[in-house]
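In what follows, a structure is listed as structure tokens, so that the remarks can point back to it.
The values are calculated or read from the model by the stated rules, or taken from the named source; none is laboratory data. Since the model is a prediction, treat every value here as computed from it, not as a measurement. We place every Cβ from the backbone using ideal geometry, glycine too, and count neighbours over all the protein chains shown.
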Amino acid sequence: MSVITVKNLTKKFKKFIAVDNISFEVDKADIFAFLGPNGAGKSTTIKMLTTVLASSAGSMFVNGFDASKEKDSVRRSIGVIFQDHSLDEDLTAYENMYYHAVLYGVPKNERKKRIESLLTYVGLIDRKNDLINKFSGGMKRRIEIARGLIHSPELLFLDEPTLGLDVQTRAFLWKHIKSINREEGITIFFTTHNLDEAEKVATKIAIIDKGKILMQGTLKEIKEKTKTDSLEKAFLKLTGYDIRDQISHTSSTMKTFARSRR
Amino acid sequence: MNDAITVMWDRQVKEYLRKKQRIFASLAQPILFLIAFNFGIGGMYSQAGNGDYLQYLIPGIIGMTILFSAVMNGMSLIWDKQFGFLKETLVAPVSRTSLLFGRCLGGATTSTFQGLIVLGLSFVFGFRITNWFYFPLALIVMFVIALMFSILGTSLASKFDDMHSFPMVINFLVMPMFFLSGALFPLENFPPVIEIIARINPFSYCVDLLKFSFIQVSEFGVLLDVSVIIGLLIILGIIGTSLFNKLEP
């Protein structure tokens, strides 16, 4: 059963095509890795799927809801962990989670219990009343994951979740992400530049570059099709060795980039 | 009240109360204006037979405090864009209109609080409310003005990504609004062209209504003041909602 169905999805910023007619499906309880070099269109795709950004063409269904028309239903059914930290640094860990619980409609009598249970799960219950600006990058990520799960989403989007984290924190996060996938059947859709991570955890993979999906399938299928013995080699074979200009994922930068190319 | 509005209001107020240095720093400008204008030209004003200048000045200074503080609430939106919290709220299953009004109501609450601190300080300088019966009206007026300019600041901020250029643009907009409003000097003393500009300036009507609330003096009439303020609040609410709905993090 498909949790995400994307058909001919396109996103244009003026004449610049950030996502170019892509199609793919993600099945329930998959751990789906969406890989690509900088500026490939990964974050733009995530923003469209999470209803933050409108598409220019094509269709996308998330948990059975049309992401272009049924935005609130999509939003209620997903958790999102962005590439950049999105916590309010001047609030405590508990407050950040509480506000999220309210915004996502978690019943009042369940909020405290769920927050404390998730903070215990990510090992930060003792720091619940500390301001986020006192936390390390890894601790912030753990709070974001706990926060993303508070409304019991069926699908969790993770945009480069381990960027800038040390080895121990990365291992901790993946262990927990795999456990929620296995035990609660939550589908995971993630992007990463760390191909070793993707190789270890992903059940399905899609490789995107210059807005187009170049290949998708299981790790085994991708290796077979590219006649390589690792995901990194397959990735390089498909996307080439050219170093890409660093194009920020933000739509405003995309727009600036689009203007500069007019 | 709508949960999203409550959450955003609570967050704005909590952050304000936690940044004590911001509270004190934002009081420096009104106190400076109060001292400079009261002691600088207060004597001349009284000698010209216009009455007690402090009584005339304080409602304008309170208006200025609210105006600057409320418009600068837009900075919080730019901050949230830069540091990611905006994305977190924009992917939540709540209407953006609720998010906008929660933010602006929070900003209006803190700006009104700033105005009340300045009012408290003005008593030390000798200001007196002429009729306390109108004080509840003054509170409402302060809050409505704060809400109006919070919406203006937040709407403008929705078009900015740069934390440095926003205050410059705001100063360019807000300074003339303040100086050409009758907050510091009666409009009748202005040259005719400036007086016309002052009469077009919406902040003139805010100051006029504040003067009525505190000292029961009004140049334009309460009905006109209220009509302008309510009309502008509705227009800004519509524009703000439209801009916030188009906001892309």
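Among the conditions (1) under 14 Å from the mean Cα position of the chain (by Cα); (2) away from chain A (no Cβ under 14 Å), B:Ile129 misses just one, which is (1). The residue that is nearest to B:Leu187 (Cα to Cα), counting only those in segment B:197-249 that are free of Cβ contacts under 8 Å to residues at least 40 places away in the same chain and among the hydroxyl-bearing types (Ser, Thr, Tyr), is B:Ser204. Taken over segment A:171-193, the criterion of being under 24 Å from A:Lys233 (Cβ atoms), buried (at least 18 other Cβ atoms within 10 Å of the Cβ) and of a type outside the set (A, V, I, L, M, F, W, C) is satisfied by A:Thr191, A:Thr192. Number of residues in segment B:87-104 that are farther than 17 Å from A:Asp88 by Cβ and either of a type in the set (Asp, Glu) or more than 25 Å from the chain's Cα centre (by Cα) (or both) equals 2.
Can you confirm whether B:Thr112 is hydroxyl-bearing (Ser, Thr, Tyr), buried (at least 23 other Cβ atoms within 10 Å of the Cβ) and either within 14 Å of chain A (Cβ to nearest Cβ) or within 27 Å of B:Ser227 (Cβ to Cβ) (or both)?
Spelling it out, B:Thr112 is indeed hydroxyl-bearing (Ser, Thr, Tyr), buried (at least 23 other Cβ atoms within 10 Å of the Cβ) and either within 14 Å of chain A (Cβ to nearest Cβ) or within 27 Å of B:Ser227 (Cβ to Cβ) (or both).
Of the residues screened, B:Ala70 is one that is under 21 Å from B:Asp162 (Cβ atoms), away from every other protein chain (no Cβ under 14 Å) and modelled with pLDDT of 95 or more.
If only residues of segment A:15-58 that are within 14 Å of chain B (Cβ to nearest Cβ) and in contact (Cβ under 8 Å) with a residue 60 or more places away in the chain are counted, the one that is nearest to A:Leu163 (Cα to Cα) is A:Ser43. Evaluated against (1) under 23 Å from B:Val94 (Cα atoms); (2) away from chain B (no Cβ under 14 Å), A:Gln168 falls short on exactly one condition, (1).
Yes or no, residue by residue, for (1) in contact with a Cys (Cβ under 8 Å, 6 or more places away or on another chain); (2) within 12 Å of chain A (Cβ to nearest Cβ); (3) surrounded by fewer than 17 Cβ atoms within 10 Å (Cβ to Cβ):
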position	(1), (2), (3)
B:Val7	no, yes, no
B:Arg22	no, yes, yes
B:Ile31	no, no, yes
B:Leu54	no, no, no
B:Gly60	no, no, no
B:Trp79	no, yes, no
B:Leu116	no, no, yes
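Restricted to segment A:209-239, and to residues there that are under 24 Å from A:Ser43 (Cα atoms) and of a type in the set (D, E, K, R), the residue that is surrounded by the most Cβ atoms within 10 Å (Cβ to Cβ) is A:Asp209. The number of residues in segment A:26-40 that are under 18 Å from A:Val62 (Cα atoms), surrounded by 17 or more Cβ atoms within 10 Å (Cβ to Cβ) and not hydrophobic (A, V, I, L, M, F, W, C) comes to 1. In a residue-by-residue description of segment A:34-43, the property of being within 17 Å of the chain's Cα centre (by Cα), part of a strand (DSSP E or B) and at pLDDT 90 or above applies to at least one position. B:Ile194 passes every criterion in (1) surrounded by 15 or more Cβ atoms within 10 Å (Cβ to Cβ); (2) without any contact (Cβ under 8 Å) to a residue 24 or more places away in the chain apart from (1). Among residues of segment A:76-133 being under 22 Å from the mean Cα position of the chain (by Cα), surrounded by fewer than 22 Cβ atoms within 10 Å (Cβ to Cβ) and of a type in the set (D, E, K, R), the one that is farthest from the other protein chains (Cβ to nearest Cβ) is A:Glu89. Figure legend. Inter-residue proximity from segment B:61-84: first residues in a helix (DSSP H, G or I), second residues surrounded by fewer than 24 Cβ atoms within 10 Å (Cβ to Cβ) and of a type in the set (Phe, Trp, Tyr), beta-carbon distance below 6 Å, spacing 6+ or different chains. Indicated pairs: B:Ile61/B:Phe33; B:Met64/B:Phe178; B:Ile78/B:Phe160; B:Ile78/B:Phe166.
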